[in-house]
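Visitor: After the structure tokens below, expect a handful of questions from me.
The values are calculated or read from the model by the stated rules, or taken from the named source; none is laboratory data. All figures in this text were calculated on a predicted structure; none of them were measured in a lab. Note that each Cβ is placed from the backbone with ideal geometry, even for glycine, and that neighbours are counted across all protein chains shown.
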Amino acid sequence: MKQLATYFGLAYLISWIIWLPLYGHIFGLSDLPTLPFHHGLGGLGPLIASFLTTWIYNKQEGAKLLLKKCLQVRPIIYLTIALLSPFLLALIASIINHFIDKAPINLSGLLSYKEFPKFSFITFFIYNLIFFGFGEEVGWRGFALPRFQDKFNALTSSLILTVFWAIWHLPLFFYRPGYTSMEFAGIFGWLFSLLTGSVLLTWLFNSSKGSILICAVFHSTIDIAFTADLADKNIVNYMGFLITVWGILTIIIFKPKNLSTRERKKNIST
């Protein structure tokens with residue numbers, strides 16, 4: 001557990017220091033310099049922490065193996081699921097919205113983004129993949145999850161990891177739109193969405209023999225689907241319902257021990 005303590009300490013420290021100019025006003029620190037894509041840069045904290053911790057405890061060989069998992073494309077079926085499933089959920093949610101609320105099916109918003117209105121879909125995907133896909137998943141799933149799964153079953157590991165993942169987001173509640181206005185019900189829903197995402201990412205990680213790339217792609221496409229400028233917000237609500245059902249079915253079908261038909265992936269160096 002010493003490795004996990006080192007990793008989480010570094011991940012929080014690196015991200016929170018990078019983000020400090022964005023939330024420093026709550027400590028009376030004003031006019032700190034910011035950089036382009038400053039929020040995204042903070043998303044690299046878990047990635048940096050995972051390689052630093054791996055180098056400290058497992059040296060060059062551990063870092064090489066971690067990098068190898070970042071480039072692992074196979075099994076292609078899970079990469080395909082990671083890439084396309086969030087957009088399929090958006091389509092199904094739009095169809096549900098059409099039949100229940102009589103709204104026209106319109107998914108054009110999937111190609112526009114309020115934060116970066118000039119970004120194309122490919123540009124926004126690359127941005128998310130670098131800063132939050134790899135930025136987070138090299139740490140959460142690539143480093144932390146296998147070590148939790150050394151001690152606990154896959155579902156319990158996902159639950160524990162969700163707590164640490166949620167804590168990492170703490171500074172966002174002081175500056176990030178959508179977080180600053182959250183009330184108790186919103187925070188509860190956000191935590192539940194993290195838990196659902198954690199379960200599905202564990203399923204992908206264990207099913208793909210520990211592919212960090214596949215988890216990074218899924219993290220990116222989920223973020224895109226849920227932050228897209230969809231005209232009808234009911235679609236987002238239905239997407240949330242659908243992904244919750246998906247998460248519950250994953251637990252029922254694949255069982256808590258492994259959340260996969262394969263044995264759960266333990267320490268990345270094994």
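Visitor: Would you tally the residues in segment 150-204 being touching a Ser or Thr at 6+ places or on another chain (Cβ under 6 Å) and of a type in the set (G, A, S)?
Guide: Matching residues across segment 150-204 total 3.
Visitor: When residues of segment 99-134 are filtered for being surrounded by 14 or more Cβ atoms within 10 Å (Cβ to Cβ), touching a residue at least 24 places away in the same chain (Cβ under 8 Å) and either touching a strand residue (DSSP E or B) at 6+ places or on another chain (Cβ under 7 Å) or under 20 Å from H39 (Cβ atoms) (or both), how many remain?
Guide: 12
Visitor: Among the residues of segment 164-178, are any surrounded by 15 or more Cβ atoms within 10 Å (Cβ to Cβ), of a type in the set (S, T, Y) and either in contact with a Lys or Arg (Cβ under 8 Å, 6 or more places away or on another chain) or under 30 Å from S260 (Cβ atoms) (or both)?
Guide: no
Visitor: Related question: Has segment 57-73 got at least one residue that is among the hydrophobic types (A, V, I, L, M, F, W, C), farther than 17 Å from I222 by Cβ and surrounded by fewer than 13 Cβ atoms within 10 Å (Cβ to Cβ)?
Guide: Yes, segment 57-73 contains a residue that is among the hydrophobic types (A, V, I, L, M, F, W, C), farther than 17 Å from I222 by Cβ and surrounded by fewer than 13 Cβ atoms within 10 Å (Cβ to Cβ).
Visitor: Of the residues T261, T221, only one is of a type in the set (S, T, Y), part of a helix (DSSP H, G or I) and in contact (Cβ under 8 Å) with a residue 40 or more places away in the chain; which?
Guide: T221
Visitor: Limited to segment 222-268, what total is found for residues that are β-branched (V, I, T), under 13 Å from L200 (Cα atoms) and in contact with a helix residue (DSSP H, G or I) (Cβ under 8 Å, 6 or more places away or on another chain)?
Guide: Summing the residues that are β-branched (V, I, T), under 13 Å from L200 (Cα atoms) and in contact with a helix residue (DSSP H, G or I) (Cβ under 8 Å, 6 or more places away or on another chain) in segment 222-268 gives 5.
Visitor: Determine whether T196 is assigned to a helix (DSSP H, G or I), of a type in the set (S, T, N, Q) and either in contact with a Gly (Cβ under 7 Å, 6 or more places away or on another chain) or at pLDDT below 95 (or both).
Guide: So T196 passes the test.
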